[in-house]
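Right, one structure below, let's go through it.
The values are calculated or read from the model by the stated rules, or taken from the named source; none is laboratory data. Quantities reported herein were computed from a predicted structural model and do not represent experimental measurements. FYI the Cβ positions are ideal-geometry reconstructions off the backbone, even for glycines, and counts take in every protein chain you see.
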Amino acid sequence: MNSERRRALESFGNGAVLLTAALRRFPRKMWLYKKSQDSRSIHEVVWALADREVIEYIYCRRFVVDPGSPAVDIEPSAWPDRLGYFYHDIKDAMGIVRALRRSTYRFLASLPERAWTYTVEFPIHGQLSLEAWLGVRESYLPEQIQQMTGIYSEWLESTSAVKTVRTVRKSLSSESLVS
């Protein structure tokens, strides 16, 4: 296996560890925070990652079982609302990510060299080789962690704005009592 593919595979394999470390940086009390109704919470992002992991588990095997075939078009963007991610335990989502990522990593690590050239036609990306698919998958989770970092920043801004308002209210109340 060439060094770049080995690096990408190891990075992919460490995805669940990366996600766990990222979640530890964000206080649990803000995991359900959403800036607006249309935005996503960290809780929803993690469940979306679990669902995406299931989809990609199947796609990965499709390369080997049926190379050259079209991938089934699965677009889970509407899933958070329809599946009620809010009501599902995030530990279950993390269990799915850990188990499927580990299984997919082991599967990929065991493939013969020729399998990396197998292709599948994707609705969004077009024709991808298994090697190119790995590159897309390797970068996906870090991008989602970046999105979670953005949600955390928005939460920090909103809580600091609330603290400022409380401080202003307290000082105004104190001043009105003095006058």
Verdict on residue 91 being within 16 Å of the chain's Cα centre (by Cα) and either aliphatic (A, V, I, L, M) or part of a helix (DSSP H, G or I) (or both): yes
Count - residues of the stretch 52-81 that are closer than 17 Å to residue 123 by Cβ and either assigned to a helix (DSSP H, G or I) or aromatic (Phe, Trp, Tyr) (or both): 12
Any pair with Cβ under 6 angstrom, 6 or more apart, that starts in the stretch 57-75 at a residue that is more than 18 Å from residue 113 (Cβ to Cβ) and ends at one that is among the acidic types (Asp, Glu): 70/121
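The rows are residues; the columns are (1) under 13 Å from residue 144 (Cα atoms); (2) in contact with a strand residue (DSSP E or B) (Cβ under 8 Å, 6 or more places away or on another chain).
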{"position": "10", "(1), (2)": "no, no"}
{"position": "26", "(1), (2)": "no, no"}
{"position": "32", "(1), (2)": "no, no"}
{"position": "50", "(1), (2)": "yes, no"}
{"position": "55", "(1), (2)": "no, no"}
{"position": "63", "(1), (2)": "no, yes"}
Qualifying residue in the stretch 27-34 (condition: part of a helix (DSSP H, G or I) and surrounded by fewer than 13 Cβ atoms within 10 Å (Cβ to Cβ)): yes
Residue within the stretch 79-86 that is at pLDDT 95 or above and of a type in the set (A, V, I, L, M, F, W, C) present: no
Any hit, the stretch 90-97, residues being modelled with pLDDT of 85 or more and over 24 Å from residue 30 (Cβ atoms): no
Number of positions in the stretch 7-47 that are more than 15 Å from the chain's Cα centre (by Cα), polar (S, T, N, Q) and within 16 Å of residue 79 (Cα to Cα): 1
First in the stretch 84-108 and touching a residue at least 24 places away in the same chain (Cβ under 8 Å) and within 24 Å of residue 10 (Cα to Cα), second anywhere and of a type in the set (Lys, Arg) and surrounded by fewer than 18 Cβ atoms within 10 Å (Cβ to Cβ), Cβ under 8 Å, 6 or more apart: 107/61
Those residues of the stretch 83-130 which are hydroxyl-bearing (Ser, Thr, Tyr) and either out of contact with any Ser or Thr (no Cβ under 8 Å at 6 or more places or on another chain) or at positive phi (or both), in sequence order: 85, 87, 103, 104, 105, 110
Sole exception among (1) closer than 30 Å to residue 119 by Cβ; (2) of a type in the set (S, T, N, Q); (3) touching a residue at least 60 places away in the same chain (Cβ under 8 Å) for residue 39, by number: (1)
